[in-house]
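Everything on this sheet refers to the single structure shown next.
Throughout, read-outs are computed from the coordinates displayed, never taken from laboratory work. As the structure is a computational prediction, the values presented were derived from the model and not from experiment. In this analysis, Cβ positions are derived from the backbone assuming ideal geometry, glycine residues included, and neighbour counts consider all displayed protein chains.
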């Protein structure tokens, strides 16, 4: 995720993934790097067996659920 539409500034001025805190954003990218190095992602949710896979998916879903309404309401073009 590197699109500008994925980010917002938090109250402290940190660039964070929409819906995530600064700590969660850092955790997401740390887990993303670990998962990327370990091979292709699982195909279905039942295959997300490692703790880091499940946590990454939890953060991703939290971000996506917050991002969709944010984008609809902002109607910005980049």
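The order of the peptides 20-27, 5-12 by mean Cβ neighbours within 10 Å, most packed first, is 20-27, 5-12.
Model label points for residue 47 and residue 11, set 7 angstrom from Cα along the Cα-to-Cβ axis, are 4.1 nm apart.
Taken over the stretch 4-74, the alpha-carbon convex hull comes to 97 cubic angstrom per residue.
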